[in-house]
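Visitor: The structure that follows is given in the form of C-alpha cells.
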Amino acid sequence: MARLGVRHMEHITMAHGAGGSIMAKFIKDYILRYLGGSKADVPLEALDDAAVVNDIVLKSDSYTVKPLFFPGGDIGRLAVSGTINDISVLGAQPAALTCGLILEEGLPLKDLERILLSMKETCEEADVYVITGDTKVVERGALGGCVINTSGIGFRTEATDHNLAVVKKYRPGFKASWILDSNLRARDKIIVSGTIGDHGLAVLSAQEGLSFGSEIKSDVRPLNKLVQRLLEVGGITAMKDPTRGGLSNALNEFCEKSNVGILIHEDRIPMKEDVRIACEMLGIDPLEVGNEGKLVIGVIPEVAEEVLAALRGTEEGKEAEIVGEATEEFNMVVIQTVVGGKRVLMPPVGDPVPRIC
Ligand code: MG
C-alpha cells in the first residue's frame, strides 16, 4: 500500500509528509510546480536543507511530533534545533528565529509552559533566539496538542569562508559559495557524526509505549556550534542533518544532486546496540530512521582525518566515523554489508516511524 505512486492518490496521505520518495515526487509535482521559479542564489528547486537569497540563508520548518514529550526531548527542543541545524549545514551561523505556535483548544497550559521553557533552554544552548512570532488557536482535533513552526536566517562567517578556501586548495575548480548537497565529488569521504536511529526509536517507543531494555533517548540538539568548529578545520563540501528518511535518504540526496555514486561500509556506521536490536525486533531499517542531532558530512579526502579528529574531540561527535566515500564507479548508494555482500541502498519510500519531527 505504501508503495502506491502519488498519481494513484487523490488525497493527501501520511506518506506525503514522510520524507521518502513519495514525498519527493509530491514536492516536485505540486510544490515546485506552483511555487518554484525564483532567482534565489540557492532556490526552492535545489531542495537543499535551506535556501540562500542575497547571501542570507533562510529556512522554515514545522514540527508535528507525536507525542509532544518523548525520551530525550520534546517538540520545543525539536523546533529550535531542527531549523538551526538546517541553516547550519549550509555552512551558515544562524542569527535569529521566528516561532509560530498553532495551539489546540484544551492543551494544558502547564504543557505549553514546559515546551516554552525547553525552547528557551535550547535557544540559550545554541545562542540563537526567537525574535518574532505568532500564536493561533484551533478547535480540538488532530494536532495532538500543538504544531510549532520556526523559521530562521543565517549568515556567512569567517569559518564559512575558511572552509571553502580549504576545499578550493585541493579542488581548484570548486565554484560553490555554500555547502550544498550537489557539491560532492568522487573520492570525497563520507563522515557520520554519531550513532544513527536514536531519535526515531525514542519517539516510536513513546508512541507505542514500548521499552527496549535500557531507554533509548532522542539525540535532538542544536549543532550550530559544532558545525562552526568543523568549518574552522575546513574541507567540507556537502553536509546534511539526516532527519526524516534517515541516513539512507541523506546519502541518496547527495548521490542524486551531485551525480556521483557512494560506497558505504555497514560495519563502520555508528549505532547503539539497543537501537540495532529494537530495529531488528520491529522489522525497521535503522538507516531509514530519523535523527535530530547528527551530521552526514562529505569532505575532501586529504583533510578527512582532521575533520574526524575535530569531531571526536567534542561530546556530540565522539563516536564519529568515516563510513564510506563518493565514487565514479557507479551512480547510486551501495552498501558493503557486514556479511560481505554488496547491495543498493534505495531511497526510503516513506518513513518507517510517522510523526517524529
Ligand atoms: Mg535537513
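Visitor: Are there any pairs, at least 6 apart or on different chains, whose C-beta atoms fall under 7 Å, with the first in the range 240-269 and over 23 Å from residue 178 (Cβ atoms) and the second part of a loop (DSSP other than H, G, I, E, B) and within 12 Å of the ligand (Cβ to nearest atom), and if so, which?
Guide: Note: pairs meeting the criteria are 246/290; 246/291.
Visitor: Only one of 132, 122, 64, 83 is farther than 26 Å from residue 19 by Cα, of a type in the set (Val, Ile, Thr) and touching a residue at least 24 places away in the same chain (Cβ under 8 Å). Can you tell me which? Walk me through it before giving the result.
Guide: Details: 122 fails: farther than 26 Å from residue 19 by Cα; 64 fails: farther than 26 Å from residue 19 by Cα; 83 fails: farther than 26 Å from residue 19 by Cα.
Answer to the selection: 132.
So that you can scan it fast, the table gives a plain yes or no per residue for (1) at pLDDT 95 or above; (2) away from the ligand (no atom under 16 Å from the Cβ); (3) assigned to a helix (DSSP H, G or I); (4) aromatic (Phe, Trp, Tyr):
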{"site": "45", "(1), (2), (3), (4)": "yes, yes, yes, no"}
{"site": "48", "(1), (2), (3), (4)": "yes, no, no, no"}
{"site": "59", "(1), (2), (3), (4)": "yes, no, no, no"}
{"site": "76", "(1), (2), (3), (4)": "yes, yes, yes, no"}
{"site": "81", "(1), (2), (3), (4)": "yes, no, yes, no"}
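Visitor: Only strands (runs of 3 or more DSSP E) wholly contained in the range 285-357 count here; list those with 1 or more residues that are farther than 18 Å from residue 253 by Cα.
Guide: Numbers: elements: 296-299, 321-327, 333-336, 342-344.
It comes to 321-327, 333-336, 342-344.
Visitor: Another question about this same structure. Return yes when residue 52 is part of a strand (DSSP E or B), within 13 Å of the ligand (Cβ to nearest atom) and more than 25 Å from residue 202 (Cβ to Cβ) and no when it is not. Let's see the steps before the verdict.
Guide: Working: part of a strand (DSSP E or B): yes; within 13 Å of the ligand (Cβ to nearest atom): no; more than 25 Å from residue 202 (Cβ to Cβ): yes.
Here the answer is no, as residue 52 does not meet what is asked.
Visitor: Further question on the same structure: Just give me the residues in the range 122-165 being farther than 19 Å from residue 66 by Cβ, out of contact with any strand residue (DSSP E or B) (no Cβ under 6 Å at 6 or more places or on another chain), of a type outside the set (A, V, I, L, M) and loosely packed, with under 13 Cβ neighbours inside 10 Å, in sequence order.
Guide: 124, 127, 158
Visitor: Could I ask something else about it? Output the residues belonging to the range 224-243 that are within 16 Å of the ligand (Cβ to nearest atom) and surrounded by fewer than 24 Cβ atoms within 10 Å (Cβ to Cβ).
Guide: If the condition is that a residue be within 16 Å of the ligand (Cβ to nearest atom) and surrounded by fewer than 24 Cβ atoms within 10 Å (Cβ to Cβ), then 224, 226, 241 are the ones that fit.
Visitor: Is it true that residue 27 is at pLDDT 90 or above, surrounded by 14 or more Cβ atoms within 10 Å (Cβ to Cβ) and in the same structural domain as residue 103 (by TED's automatic domain parsing)? Steps first, answer last, please.
Guide: Values: at pLDDT 90 or above: yes; surrounded by 14 or more Cβ atoms within 10 Å (Cβ to Cβ): yes; in the same structural domain as residue 103 (by TED's automatic domain parsing): no.
Spelling it out, it is not the case that residue 27 is at pLDDT 90 or above, surrounded by 14 or more Cβ atoms within 10 Å (Cβ to Cβ) and in the same structural domain as residue 103 (by TED's automatic domain parsing).
Visitor: Would you check which residues across the range 83-106 are outside any strand (DSSP E or B), away from the ligand (no atom under 16 Å from the Cβ) and either at negative phi or buried (at least 24 other Cβ atoms within 10 Å of the Cβ) (or both) and list them? Lay out the reasoning, then the answer.
Guide: At the first step, the residues of the range 83-106 found to be outside any strand (DSSP E or B) are 83-92, 105-106.
Filter again for away from the ligand (no atom under 16 Å from the Cβ), leaving 105-106.
Within the range 83-106, just 105 meets the criteria.
Visitor: Starting from residues that are over 23 Å from residue 231 (Cβ atoms) and in a strand (DSSP E or B), keep the ones in the range 61-74 and report whichever is farthest from the ligand (Cβ to nearest atom). Lay out the reasoning, then the answer.
Guide: As a first pass, look at the range 61-74 and keep what is over 23 Å from residue 231 (Cβ atoms): 62-74.
Filter once more, so that each one left must be in a strand (DSSP E or B): 62-63, 69-70, 73-74.
Values: 62: 13, 63: 13, 69: 23, 70: 19, 73: 17, 74: 19 Å.
It comes out as 69.
The values are calculated or read from the model by the stated rules, or taken from the named source; none is laboratory data. Since the structure is predicted, the reported quantities are computational estimates derived from the model, not experimental observations. Here the Cβ is made from the backbone with ideal geometry for all residues, glycine too, and neighbour counts use every protein chain on show.
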